[in-house]
Amino acid sequence: MKKVLRKIGIAVIVLFVAYTFYFIWEQSQPVPDVYEILKPQVRTIEQTAVATGRVEARNQVDVKPRTTGILSMICVEKGQRVKVGDIIARISIIPDMTAYNNAQSAVKSSRMQMEEVQRETDRIKALYADGVVSREEYEQAVSRLDLAKEDYDKALSAKDIVLRGNSAQTGTVNTTVVTATMNGIITSIPLKEGASVVATNAFTDGTTIATIANMNSLRFVGKIDETEVESIQLGMPMSITVGAIHGTTFTGQVEDIATKGVYDNGTIMFEVTGSINAADGGVAIGRDGYSANASIVTSKAEKTLSVEETAVEYDGEKAFVYKLTSNPGDEGKQQFERSEVELGLSDGIYIQILKGVAPTDLVRGNKKN
């Protein structure tokens with residue numbers, strides 16, 4: 001009995017060792033690669049250039065004061081619609097002391113001149129009544145007096161303008177009131193009440209109190225890489241997507257391409273401007289400055305045979321695909337034949353096949369395992 005048990009034990013050990021060696025051998029065997037099988041399809045391939053930028057109003061103006069002073073009142077809010085002549089803000093005049101002193105001196109000087117001419121005219125008038133001087137000399141004296149009075153009035157008006165921003169002679173013209181110069185929407189009010197403002201003149205642009213934009217006419221302004229700028233032309237259609245408006249694509253056309261590039265983060269970029277059809281999709285673009293992307297179709301191949309980019313293998317300047325030569329249903333024993341192909345356009349996902357693949361062929365894709 002003991003001999004039988006010993007023989008059984010030895011047999012079990014032998015079988016266990018044999019199974020262990022078999023398991024190790026089996027695990028060391030390479031697993032056959034299994035690939036996706038792709039079928040060429042007839043598609044429309046588009047090659048596009050993408051410009052990144054923003055949406056802005058085509059017509060917009062910066063409203064600036066006509067006098068220097070303190071912004072005492074802002075009469076509008078952002079997003080408010082205004083018309084030409086609507087009051088935007090009011091300015092409190094802070095007179096320049098040098099200008100005020102000069103104005104006072106001019107008033108004093110012109111008054112003294114007018115009084116002197118008045119006395120001379122009164123003397124000539126008396127002499128004319130006695131027949132001592134001619135009528136011509138009398139009329140000249142009266143004309144000089146009128147001119148002196150006009151100079152005095154001008155000096156007074158200049159002094160009032162320095163003090164208050166307007167005068168009796170200017171009538172309805174009031175430089176302390178800032179009005180809208182075009183119809184549109186207030187898109188920006190960079191200042192607050194109490195801020196100092198500088199008037200527009202020949203030496204400075206002046207302080208911007210508000211920006212008015214006509215949101216009925218919009219355009220796309222963006223930048224495109226130097227490697228793509230030569231592929232676009234004026235009049236090419238654009239598909240514009242606005243980051244803040246999901247699910248809507250606006251159409252437009254390329255209107256302008258910059259002739260000079262700008263260095264931006266290590267790349268030369270060119271500015272591209274295009275129109276926007278704001279009526280697309282029934283969605284209104286009501287704000288200025290939205291970020292947007294414009295896709296410009298530079299090349300197009302319609303109804304052409306194509307495969308996924310992942311099916312193409314490159315070797316130097318040549319391109320190849322692997323055609324399936326085995327039974328499509330037998331994944332464990334896939335066999336392929338390497339074939340050279342001639343390629344066309346690519347949209348980054350699909351690529352056009354000009355030669356080397358038939359519509360009935362099956363080609364190798366990505367590895368499954």
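From helices alone, the chain scores -9000 deg cm²/dmol at 222 nm; the rule is -39500 (n - 2.57) for each run of n ≥ 4 DSSP H residues, then divide by the residue total. Taking Lys and Arg as +1 and Asp and Glu as -1, the other residues whose beta-carbon sits under 12 Å from that of Thr121 total -2.
My understanding is that a pair violates if its Cα-Cα distance is over 21 Å; which of Lys39/Lys333; Lys78/Lys192; Lys125/Lys159 do that in this structure?
Details: Lys39/Lys333 19 Å; Lys78/Lys192 12 Å; Lys125/Lys159 32 Å.
Beyond 21 Å between Cα atoms: Lys125/Lys159.
Rolling a 1.4 Å probe over the protein heavy atoms of the chain, with every protein chain left in place, gives an accessible area that is 51 percent carbon and sulfur. Packing here is the average count of other Cβ atoms within 10 Å per residue, and on that basis the peptides 287-294, 234-241, highest first, run 287-294, 234-241.
How charged is the neighbourhood of Thr200? Take every other residue with its Cβ under 9 Å from the Cβ of Thr200, and add Lys/Arg as +1 and Asp/Glu as -1.
Working: positive: Lys64, Arg66; negative: Asp205.
Charge balance near Thr200 sits at +1.
Under a model in which nothing but the beta-carbon of Lys, Arg (+1) and Asp, Glu (-1) is charged, the chain shows a dipole of about 1820 debye around its Cα centre.
Please compute the per residue accessible area over the chain with all protein chains in place, 1.4 Å probe, rounded to a whole number of Å². Can you show the working numbers first?
On the way: 22990 Å² over 369 residues.
Each residue of the chain exposes 62 Å² on average to a 1.4 Å probe.
Positive-end ranking of Thr68, Asn214, Gln104 along the dipole of the chain, with charges on Cβ about the Cα centre, is headed by Asn214. With no solvent and one point per C-alpha, what does the Debye sum give as log10 I(q)/I(0) for the chain at q = 0.06, 0.09 Å⁻¹? Debye curve over Cα of the chain, log10 I(q)/I(0) at q = 0.06, 0.09 Å⁻¹: -0.57, -0.83. Packing here is the average count of other Cβ atoms within 10 Å per residue, and on that basis the peptides 330-336, 51-57, 320-326, highest first, run 51-57, 320-326, 330-336. Summary value for the range 47-161: 23 percent relative contact order, contacts being C-alpha pairs under 8 angstrom separated by 6+ residues.
Which order do the peptides 206-212, 295-301 take when ranked by the mean count of other beta-carbon atoms within 10 Å per residue, highest first? Numbers along the way, then the final one.
On the way: 206-212: 20.7, 295-301: 16.6.
Result, highest mean first: 206-212, 295-301.
The values are calculated or read from the model by the stated rules, or taken from the named source; none is laboratory data. None of the values given here were measured: they were computed from a predicted structure. We place every Cβ from the backbone using ideal geometry, glycine too, and count neighbours over all the protein chains shown. Ligands, DNA and RNA are stripped out before the accessible areas are found, and what is left, the full protein with its side chains, is counted by its heavy atoms. Shrake-Rupley method; radii C 1.70, N 1.55, O 1.52, S 1.80 Å.
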